[in-house]
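A short worksheet on the structure shown next.
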Amino acid sequence: MLREIRADFDAETIVVYQAYSAAVADAALAAGRFVAPFSFSRMTWIKPSLLWLMHRSNWGGKAGQERILAVRITRTGWEQALSRAVLTAPEPAVHGSAAAWSAEFARAAVHVQWDPERSLRGAALQHYSIQVGVGRGLIREFAEDWVVGVRDITPTVHKIAGLVRSGQSAKTRRLLPPERPYPLAPVIARRIHAGA
């Protein structure tokens, strides 16, 4: 299946999505970036696919994931993360051997995982979506340098979920972000095993 980054982006920035508790979300919204009680001591996962996060967080219904944030970060930071990423599972075309992957993974600053993209109703689609784990060594840089804006989209998410539940999926199209294929330098695409 196709592994492709689809995202809402412009010339300088890209939007990624995260689900948090109210305490973390409120502090981030007040500061315009992530601050305590956001954890700087563990990996944070960012996802450019809103529907994948909706599948994972049950439309903001899981405990500790009630608030959905659209986080706008610099493309420079995003691409820096991808250029330092190691896949969460060995891929012979990328790593050669499982042992080589294991050594690389153990010291990776960033993890990348590909999972089936999801439909509005949560069904697996025929292409993969990316999630990127920013490791502890880069979290401060992510929070303080890459993030240029944080927006609470929880009300929009709840509206979309209500339309889907009531069988009005067609009405959600105008509420969904304009995600489209994100261009990757060939060296980064090879590193994260993007493509067919």
To the nearest 10 degrees, the tilt of helix 154-165 (Cα long axis) against the first principal axis of the alpha carbons of the chain is 80 degrees
Under the 7 Å Cα-to-Cβ spin-label approximation, Ala36 and Met1 lie apart by a distance in nanometres of 4.1 nm
Heavy-atom accessible area per residue of the chain, all protein chains kept, 1.4 Å probe, expressed in Å², is 47 Å²
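Report, in deg cm²/dmol and to the nearest 500, the calculated mean residue ellipticity at 222 nm for the chain, where each DSSP H run with n ≥ 4 adds -39500 (n - 2.57) and the sum is divided by the residue count.
Result for the chain: -9000 deg cm²/dmol, rounded to the nearest 500.
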Among chymotrypsin sites (Phe, Trp or Tyr not before Pro) in segment 1-50, those in a DSSP loop whose Cβ has at most 16 other Cβ atoms within 10 Å are Phe40
Among trypsin sites (Lys or Arg not before Pro) in segment 121-161, those in a DSSP loop whose Cβ has at most 10 other Cβ atoms within 10 Å are Arg121
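On the protein heavy atoms, probe 1.4 angstrom, tell me the percent of accessible surface of the chain carried by carbon and sulfur.
Summing carbon and sulfur atoms, their accessible area is 52 percent of the total for the chain.
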Rounded to the nearest 10 Å², the 1.4 Å probe accessible area of Tyr182 is 10 Å²
If the label point sits 7 Å along Cα→Cβ of Glu144, residues of segment 37-59 with amide N under 14 Å come out as 40-41
To the nearest 10 degrees, the tilt of helix 22-31 (Cα long axis) against the first principal axis of the alpha carbons of the chain is 80 degrees
Summed over the other residues with a beta carbon less than 12 angstrom from that of Ile188, with K and R at +1 and D and E at -1, the charge totals +3
Phi-derived 3J(HN,Hα) across segment 47-59 with the Karplus relation (6.51, -1.76, 1.60, θ = phi - 60°), rounded Hz, x for Gly and Pro, is 9, x, 9, 5, 5, 5, 5, 5, 4, 5, 9, 6, 6
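The values are calculated or read from the model by the stated rules, or taken from the named source; none is laboratory data. What you are looking at is a predicted structure, and each value in this text was computed from that prediction instead of being measured. With ideal geometry, Cβ positions are generated from the backbone for all residues, glycine too; neighbour counts draw on all protein chains shown. Calculation scope for accessible area: heavy atoms of the full protein, side chains included, ligands and nucleic acids excluded. Shrake-Rupley method; radii C 1.70, N 1.55, O 1.52, S 1.80 Å.
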